[in-house]
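Trainee: A single structure is presented below for examination.
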Amino acid sequence: MTVIDISAASAVTSLTAAASRADAGGSEFNTFLRLLTTQLQNQDPLDPLKSNEYTQQLAQYSQLEQTIQGNGTLNSILTRLSGQDATQAIGLSGREVVLDSTVSGLGARPASWNFAADRDAASLTATVTDATGRIVATAALPTDSRSGSFAWNGSLPGGGRAPNGAYVLSVRGLDASGAVVPVTVNATGRVGDVTIANGVVGLEINGLSQPFAAVVRVIAPAV
């Protein structure tokens, strides 16, 4: 199995946050200007604003001005990176991906995950919970390997099928002495539609919207 690392998306997330902070700075900038203008218009001629106070306020003005100028640069970079993310995301349509998330979608296809234990385990127990945290399914996993995959088709213990939606998998591992074995879980799935909202690229995976930034690996088709 060949995998391709995806890492550029995290940069977009960081820049989005920075641009939001810069936008907030724009509001503070306008408020500061109104306050400073009002202060200068209404100061007592017999007790004018002290020079050191005025200098401090001008320094604050300069800092806010730089924040506003930086906003344009951040948004420009964000737009370019979002475009790059969108191009990469479109190329993932129809591909199997691994996500940095334990949340998988149950829909036309089973909810699916990969798991990896830190060391050999005598027992591995999978627990599936719904969006409210309610346990909907449990299963014993094979222990002949430290890693593997698990798929859940929605079957409920008492019969019937769980509704489509988001489900979380946790895996409890124990060694021969009963000590806990840490197990990492990653959701997997096939990418369908690609969406872009407010500069954020999203992927539709089995009826569930997942952020493009959550993709950590792309599984290459078997040759």
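Trainee: If a residue has to be under 15 Å from ALA131 (Cα atoms) and in contact with a strand residue (DSSP E or B) (Cβ under 6 Å, 6 or more places away or on another chain) to count, how many in segment 141-164 make the cut? Let's see the steps before the verdict.
Mentor: Of segment 141-164, the ones under 15 Å from ALA131 (Cα atoms) are 154, 162-164.
Okay, now just the ones that are also in contact with a strand residue (DSSP E or B) (Cβ under 6 Å, 6 or more places away or on another chain), so 154, 162, 164.
Going through segment 141-164 one residue at a time, the tally reaches 3.
Trainee: Within the bounds of segment 87-98, is there any residue that is part of a strand (DSSP E or B) and either farther than 18 Å from ALA187 by Cβ or of a type in the set (Gly, Ala, Ser) (or both)? Quick ask: steps written out before the conclusion?
Mentor: If we filter segment 87-98 for residues that are part of a strand (DSSP E or B), which is where we start, we get 96-98.
Within this subset, residues satisfying the condition of being either farther than 18 Å from ALA187 by Cβ or of a type in the set (Gly, Ala, Ser) (or both) are none.
No, segment 87-98 contains no residue that is part of a strand (DSSP E or B) and either farther than 18 Å from ALA187 by Cβ or of a type in the set (Gly, Ala, Ser) (or both).
Trainee: Confirm whether SER155 is farther than 15 Å from ASP100 by Cα, open to solvent by less than 80 Å² (accessible area, probe 1.4 Å) and out of contact with any His (no Cβ under 9 Å at 6 or more places or on another chain). Working first, answer last.
Mentor: Numbers: farther than 15 Å from ASP100 by Cα: yes; open to solvent by less than 80 Å² (accessible area, probe 1.4 Å): yes; out of contact with any His (no Cβ under 9 Å at 6 or more places or on another chain): yes.
The answer is yes for SER155.
Trainee: I want to confirm something. Restricting to segment 106-125 and keeping residues that are over 24 Å from the mean Cα position of the chain (by Cα) and in a strand (DSSP E or B), which single residue is surrounded by the most Cβ atoms within 10 Å (Cβ to Cβ)?
Mentor: Per the criteria, the residue is LEU124.
Trainee: Let me ask something else about it. If you go through segment 168-223, how many residues are surrounded by 19 or more Cβ atoms within 10 Å (Cβ to Cβ) and part of a loop (DSSP other than H, G, I, E, B)?
Mentor: 1
The values are calculated or read from the model by the stated rules, or taken from the named source; none is laboratory data. Since this is a predicted model, take the numbers as computed values, not measurements. Cβ sites come from the backbone with ideal geometry, for glycine too, and all protein chains shown count toward neighbours. Protein only, heavy atoms only, side chains kept; ligands, DNA and RNA dropped before computing areas. Shrake-Rupley method; radii C 1.70, N 1.55, O 1.52, S 1.80 Å.
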